[in-house]
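Peer 1: Dropping a structure here in structure tokens format, bear with me for questions.
The values are calculated or read from the model by the stated rules, or taken from the named source; none is laboratory data. Nothing here was measured: the structure is a model prediction, and the numbers come from that model. Note that we place each Cβ from the backbone using ideal geometry, even for glycine, and neighbour counts take in every protein chain shown. Just so you know, the surface numbers come from the protein's heavy atoms only, side chains and all, with ligands and any DNA or RNA stripped out. Shrake-Rupley method; radii C 1.70, N 1.55, O 1.52, S 1.80 Å.
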Amino acid sequence: MKGALLLLLLSPLAGAAQEKKKYKVLALTQSKGFRHGPVTRKSPQELCLSEVTITQIGKDSGLFDTECTQDSSTITAEKLKDVDLLLFYTTGG
């Protein structure tokens, strides 16, 4: 279901996919307070479940590459110049 929703959100971009452009998605999975399982990393080097899922959807569809972060301070005006879609998967705060 989440994958279908994301592809629906990207569908306006998909029309231009005939040009074979791969879009850049920045996925924020930051959580403050209680940390739910889908946003909890087992280690700083491993992606959490929601990050793995969105990254795999991009690979499988060929539509986008995903950069994952759990630090909202990395989202700057300069960073957003290189991003086509900013995805928030947060569980609070």
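Peer 1: Tell me the label-point distance for the pair Lys24, Thr90, using the 7 Å Cα-to-Cβ offset, in nm and rounded to one decimal.
Peer 2: That separation, rounded to one decimal, is 2.2 nm.
Peer 1: Can I ask one more? Could you calculate the contour length gain from Ile75 to His36, that is, 0.36 nm times the residue separation minus the distance between their Cα atoms, to one decimal place in nm?
Peer 2: 11.8 nm
Peer 1: Tell me, in nm to one decimal, what length is gained between Asp82 and Glu67 on full extension, where the rule is 0.36 nm per residue of separation less the Cα-Cα distance?
Peer 2: That pair, Asp82 and Glu67, stretches by 4.3 nm at full extension.
Peer 1: Using the heavy atoms of the protein chains alone and a 1.4 angstrom probe, what is the accessible area of segment 22-72 per residue in square angstrom?
Peer 2: About 56 Å² of surface per residue is accessible.
Peer 1: Are there any trypsin sites (Lys or Arg not before Pro) in segment 28-93 that are in a DSSP loop and have at most 12 other Cβ atoms within 10 Å? List them by number.
Peer 2: Taking segment 28-93 and a limit of 12 other Cβ atoms within 10 Å, the loop trypsin sites (Lys or Arg not before Pro) found are Lys32, Lys42, Lys81.
Peer 1: Aspartates and glutamates within cross-link reach of Lys79: Cα-Cα under 14 Å, excluding same-chain residues under 8 positions apart?
Peer 2: Partners within reach: Glu67, Asp71.
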